[in-house]
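S.K.: This is the structure I want to talk about, given as structure tokens.
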Amino acid sequence: MRSILLAGLLLVGMAHADDTQEQLTDGEAAAPDPLVAEEVSTTVEDILNFHEMTDNIAIGGQPTVGQLAQVADAGYSVVVNLAMHDSDNAIPEEGSVTASLGMSYIHIPVPSDAPTSKHVRKFFNLMDAFEGEKVFVHCTVSGRVSAFINRYMMLRMGASAEQATSPLLQRWLPAMEEPWTSIMNLELGDIEQ
């Protein structure tokens, strides 16, 4: 049943994409369309920067429609999106696609150049509300998610820095600049104000 529903969503998405496709000039290259059927992956591990933080929490970059189906098949019941509405490869219908796959969808748009403790507070409250459920959290490439989940796991779950640091965050930390260094230095009192 899920395969039939996904195929229908892919066909509707591809028809919509054809209606709105702009002409590209010779110097432009089209970004991969997240609604194109060829982008369906075989496992959740194919999602950009996918990483299981705990048995119930995984993070990654923007999934395609096919990859959202794989997230559902892997037993996740909640998808949290921290990317902006107009981010690269965003799926405008992500909420309805996710709901059609039987998962809850929550979008907390976090601007990459202006994250705040208020965004982190919303994220903490959301993760607290879904404690015990299998949650997949994503943004565009998994940077925002890596920083937010690090703070959540260390401050709320009592995880060590090693346990709370994704491979992407480990590579990013040495070059990280403001405003993200401020996010990484937040303490629980800063978030709960």
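S.K.: Return the only residue of Thr165, Thr98 being polar (S, T, N, Q), surrounded by 14 or more Cβ atoms within 10 Å (Cβ to Cβ) and part of a helix (DSSP H, G or I).
M.R.: Working: Thr165 fails: part of a helix (DSSP H, G or I).
When all the criteria are applied, what remains is Thr98.
S.K.: Another one. If you check Asp46, Asp86, Asp19, which single one turns out to be at pLDDT 50 or above and either among the aromatic types (Phe, Trp, Tyr) or loosely packed, with under 12 Cβ neighbours inside 10 Å (or both)?
M.R.: Details: Asp46 fails: either among the aromatic types (Phe, Trp, Tyr) or loosely packed, with under 12 Cβ neighbours inside 10 Å (or both); Asp19 fails: at pLDDT 50 or above.
Answer to the check: Asp86.
S.K.: Sticking with this one: Looking at (1) buried (at least 16 other Cβ atoms within 10 Å of the Cβ); (2) part of a loop (DSSP other than H, G, I, E, B); (3) over 15 Å from the mean Cα position of the chain (by Cα), which is the only condition Glu133 fails?
M.R.: (1)
S.K.: Looking at (1) in a loop (DSSP other than H, G, I, E, B); (2) modelled with pLDDT of 95 or more; (3) among the β-branched types (Val, Ile, Thr), which is the one condition that is false for Val71?
M.R.: (1)
S.K.: Right, next: Quick one: Glu162 ticks every box in (1) in contact with a Ser or Thr (Cβ under 9 Å, 6 or more places away or on another chain); (2) under 15 Å from Glu52 (Cα atoms) bar one, so which box is it?
M.R.: Result: Glu162 passes all but (1).
S.K.: Here is a further query. Taking the stated definitions as given, is Gln170 of a type in the set (S, T, N, Q) and at pLDDT 95 or above? Spell out how you get there, then give the answer.
M.R.: Numbers: of a type in the set (S, T, N, Q): yes; at pLDDT 95 or above: yes.
Here the answer is yes, as Gln170 does meet what is asked.
S.K.: For Glu192, all conditions in the list (1) modelled with pLDDT of 95 or more; (2) more than 20 Å from Leu68 (Cα to Cα) hold save one; what is the number of the exception?
M.R.: Just one mismatch for Glu192, condition (1).
The values are calculated or read from the model by the stated rules, or taken from the named source; none is laboratory data. These numbers come from a predicted model, not from an experiment. So basically every Cβ, Gly included, is an ideal-geometry build from the backbone, and we count neighbours across all protein chains shown.
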